[in-house]
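Okay, structure first, notes after.
The values are calculated or read from the model by the stated rules, or taken from the named source; none is laboratory data. From a predicted model like this one, the values you see are computed outputs, not experimental measurements. Neighbour counts are summed over all protein chains in view; Cβ atoms, including those assigned to glycine, are modelled from backbone coordinates with ideal geometry.
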Amino acid sequence: MSHVTSAQPHGTPTWIDLGIPDLDRAKSFYGAVFGWEFDTGSAESGHCTTALLDGRRVAAIAPDEGESEFWWNVYLAVDDCDAATEAVLAAGGSVAVEPVDVMTEGRMALVVDPVGAPFGLWQARDHIGCEVVNEPNSLVRNDLVTPTAEPARAFYASVFGFGLDRNEDLPEFDFTFLRRPDGHEVAGIFGSPEAVRSRWATTFEVADTDAALARVVAAGGKAGEASDMVYGRIATVTDPFGAEFSVITRA
């Protein structure tokens, strides 16, 4: 069990959210799959609704009818949102939404890396991000999947000071660990020539992968085939709106 009680260190994935066209259906699906409850107060105002696990924040879902594709967005913790945005630009990225205060909760920006993957920057204030991670039904991992890994590695190392280590557990794949300056691994970059676009992928931990897949299908999603690998039993699934994510029971 991992409860987060303060802002995550610079560069750490700290928050996830999802924009979808039908908020009620999304709440029904993710509630069935992960047992999440929802802060209905924010939903009734038409803005983000917060997903809760045992009363603690795990994610947010918001209505978004203007998109044709849907995916989980990841936000990386930053000490200074404005300085991090400038670092993104200096390293060859672009800015989709300039830094802005979100009431008293924090300061955020939406940016795009040089290989075309969007992600967020979050400078925590009252809202520290996910309050539960690395336990069943919560966020366990974020990895960038891209057909062009080398410029992505250079970008994230430059912006966040990440160390880059090849994953020797999976020598057949082009997978690089991203490590904070303190040596803690926070994410990875998976170079996949078959990837049709660059995007940050989200993985949730579950107590039983096969049982989670059954819940996904029963709730109206689609489940890929589960497979066993060095880190556990994993599968990729799709929610009713086409947003893809993975579930894993860790070894």
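Miscellaneous remarks
- Candidate set: region 110-125, residues that are in contact with a Cys (Cβ under 9 Å, 6 or more places away or on another chain) and more than 17 Å from Ser158 (Cβ to Cβ); chosen: the one surrounded by the fewest Cβ atoms within 10 Å (Cβ to Cβ): Gln123
- Of the residues making up region 4-35, those that are in a strand (DSSP E or B) and at pLDDT 95 or above are Pro13, Thr14, Trp15, Ile16, Asp17, Leu18.
- The combined condition, being under 20 Å from Ile16 (Cα atoms), buried (at least 18 other Cβ atoms within 10 Å of the Cβ) and out of contact with any Gly (no Cβ under 9 Å at 6 or more places or on another chain), is not fulfilled by Thr146.
- For Phe38, the stated conditions hold: it is at pLDDT 95 or above, within 26 Å of Glu205 (Cβ to Cβ) and of a type outside the set (Gly, Ala, Ser).
- Candidate set from region 211-234 (those that are among the small types (Gly, Ala, Ser) and over 12 Å from Val33 (Cβ atoms)); member that is surrounded by the fewest Cβ atoms within 10 Å (Cβ to Cβ): Ser227
- Filtered by the rule that a residue be surrounded by 14 or more Cβ atoms within 10 Å (Cβ to Cβ), in contact (Cβ under 8 Å) with a residue 24 or more places away in the chain and in a loop (DSSP other than H, G, I, E, B), region 161-186 gives Phe162, Leu170, Arg180.
- All positions within region 200-251 that are of a type in the set (Val, Ile, Thr) and either within 22 Å of Pro13 (Cα to Cα) or at pLDDT below 95 (or both): Thr202, Thr203, Val206, Val230, Ile234, Thr236, Val237, Thr238, Val247, Ile248, Thr249
- Comparison of Glu86, Glu131 shows that the only residue that is at pLDDT 95 or above, surrounded by fewer than 18 Cβ atoms within 10 Å (Cβ to Cβ) and either in the same structural domain as His10 (by TED's automatic domain parsing) or within 25 Å of Phe204 (Cβ to Cβ) (or both) is Glu86.
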